[in-house]
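The values are calculated or read from the model by the stated rules, or taken from the named source; none is laboratory data. Predicted model, so just to flag it, every value in this text is computed and none were measured. Glycine also receives a Cβ, built like all others from the backbone with ideal geometry; neighbour counts cover every protein chain displayed. When the accessible area is computed, the model is the full protein with side chains, heavy atoms only, and any ligands, DNA or RNA have been set aside. Shrake-Rupley method; radii C 1.70, N 1.55, O 1.52, S 1.80 Å.
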Amino acid sequence: MKNTILGISSGTHDAAVAVVHEGKILFAGHAERYSGIKNDPNLNDALLADATKSLPRYTYFESIAYYERPWARYMRQLYSGEKFLPSKQDYSINENFDNKMKKLPVEYFNHHQCHAAAAFQTSPFQSAICVVVDAIGEFDCITIWDAEYDNKGVAHYKKVWSKSYPNSIGLLYSAVTAKLGLRPMDEEYIVMGMAAYGQPKYWQEIYDSVDGNFNFKHNFHAGLPRDFCKGADPYDLAASVQTATEKLLLEVIGVAFDYGSHKNIVYGGGCALNCVANTLIEESFDQGFWIMPNPGDAGAALGAAALAYGRKLNWKGPYLGHDMGDGFYPVDEILKELLNNQIVGVAHGRAEFGPRALGNRSLFADPRGADIKDRVNQIKQRQEFRPFAPVILEKEAYRYFNMIKGEMSPYMQCVYECWSPGVFPAICHEDLTYRVQTVNINQHAGLYQLLKAWYKETGCPMLLNTSLNIKGMPMVNNRTQADQFQNAYGIKVIS
Ligand SMILES: [Fe+2]
């Protein structure tokens, strides 16, 4: 076990690093936010500089923890007939490393175990069943782990069930993503959004392509077979794969129960970004449930560091990336713009680790009124069917959404129905669900104060919240990028 670790995920898509020091997560950031290249698979100097800067004085990394065992991935690539090209970025000996970093010992961890550790070691639980579902990691595609801390606080994992390549729910979803002309391993969230507009006419055909033991009849890594869901309307195909995926994921959770029906469940892997499916999973049992807000491969950088550390991490929240300074959250300035019926950006404090803007790299607007969706869409230039999300005071959320009083949804991982969708059309999806972010004072004091002030002025306790990014670009990271956004769209971005 090491005390100061640099966790790395790189070489495939969405490279990221995480710094763990004596159980604290000092830094976690995405390469794309520094390079400006969406889903950048490669590390870069600026990201590594920020990671190193986060260390206390006179401290340096003891080791590097890598999120995968490259040799295992190469074996799979050989087995599957994929292009077999070991890249420099697959190993820690990286062109972006300085001499000091190049000398560090490297530990390579099992890919799915990194997902499991990212979930379990950030969770509040002492023991849990970890469910990991992604497209593919080394050979594993679905795994279930029994995890617990011993009396010395050391985490132990036992893999109790798995399905390996090509039996993959994630690859199935990605094959449909590609079929719809979208970018697989990135734009699956658009398929999820499209699903609400279609009829799941083909769900049974998709579902029947998997037997009761999760053996897939097709290798979806090669795309959808010819004549599969033949003639399907794109929206119906999206709805069908979403429905089939939800059913399959609920069955995986059922398998997990066989290994610990009394235990809490933590869930990781790229499929844990599907918030509609997450909602059904959460509703399917009564025990504790936790998804780390960055459950995909970028988050596995934190999982690798967690495994090298070996104990519970001190999870405080997802604001772990590039630091724009820790002055007060600009509540008054944002409020002034909003009260003037303006859309306003905020780039403040530390960037979110994960795909969602949760208040530090956000674009806010008044969620009421018919035209606001079009106005924000004009700026974001994205598909009309994609709704925006509401951010709301936690204690008011149950009055507007189908939530229990005091229920939290701090990381936008689930969807809820709204009691009065007609009042908030911009943040309501076609299926009348809302991807809610709830806020309390401990989670984000500045955002809480903003919502409170907005509520006081308008009687509305929520705002529209979407990510601050130029179309096709990653989220804004620093002031220079914030200025670029401001200049491109004429929208004030306040720091
Ligand atoms: Fe993965």
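Tell me whether segment 202-222 contains one or more residues that are open to solvent by less than 10 Å² (accessible area, probe 1.4 Å) and of a type outside the set (A, V, I, L, M, F, W, C).
Yes: segment 202-222 contains one or more residues that are open to solvent by less than 10 Å² (accessible area, probe 1.4 Å) and of a type outside the set (A, V, I, L, M, F, W, C).
Any residue at all in segment 61-77 that is crowded, with 17+ Cβ neighbours inside 10 Å, of a type in the set (A, V, I, L, M, F, W, C) and away from the ligand (no atom under 16 Å from the Cβ)?
yes
Return yes or no: is residue 92 at pLDDT 85 or above and in contact with a strand residue (DSSP E or B) (Cβ under 9 Å, 6 or more places away or on another chain)? Please lay out each step first, then the result.
Numbers: at pLDDT 85 or above: no; in contact with a strand residue (DSSP E or B) (Cβ under 9 Å, 6 or more places away or on another chain): yes.
When the stated conditions are applied, residue 92 does not pass them.
If I ask for residues that are part of a loop (DSSP other than H, G, I, E, B) and in contact with a helix residue (DSSP H, G or I) (Cβ under 8 Å, 6 or more places away or on another chain), which ones from segment 474-491 would you list?
474, 475, 476, 477, 491, listed by residue number.
Looking at (1) in contact (Cβ under 8 Å) with a residue 24 or more places away in the chain; (2) in contact with a Phe, Trp or Tyr (Cβ under 8 Å, 6 or more places away or on another chain), can you tell me which one residue 417 breaks?
Among (1) in contact (Cβ under 8 Å) with a residue 24 or more places away in the chain; (2) in contact with a Phe, Trp or Tyr (Cβ under 8 Å, 6 or more places away or on another chain), residue 417 violates only (1).
Among the listed residues 40, 14, identify the single one that is acidic (Asp, Glu) and open to solvent by 20 Å² or more (accessible area, probe 1.4 Å). If you could, list the steps in order and put the result at the bottom.
Numbers: 40 fails: open to solvent by 20 Å² or more (accessible area, probe 1.4 Å).
Just a single option satisfies the conditions, and that option is 14.
Here is a check on your reading of the model: is residue 160 touching a Gly at 6+ places or on another chain (Cβ under 6 Å) and surrounded by fewer than 22 Cβ atoms within 10 Å (Cβ to Cβ)?
no
Here is a check on your reading of the model: is residue 140 charged (D, E, K, R), under 30 Å from residue 433 (Cα atoms) and open to solvent by less than 20 Å² (accessible area, probe 1.4 Å)? Step through it out loud before you land on a result.
Details: charged (D, E, K, R): yes; under 30 Å from residue 433 (Cα atoms): no; open to solvent by less than 20 Å² (accessible area, probe 1.4 Å): yes.
Answer is no for this residue.
Of the residues 427, 470, 491, 441, only one is without any contact (Cβ under 8 Å) to a residue 12 or more places away in the chain and aliphatic (A, V, I, L, M); which?
Just one listed residue meets the conditions, 441.
Run down 326, 332, 374 and say which single residue is of a type in the set (Asp, Glu), under 30 Å from residue 50 (Cα atoms) and at pLDDT below 90.
Result of the check over 326, 332, 374: 326.
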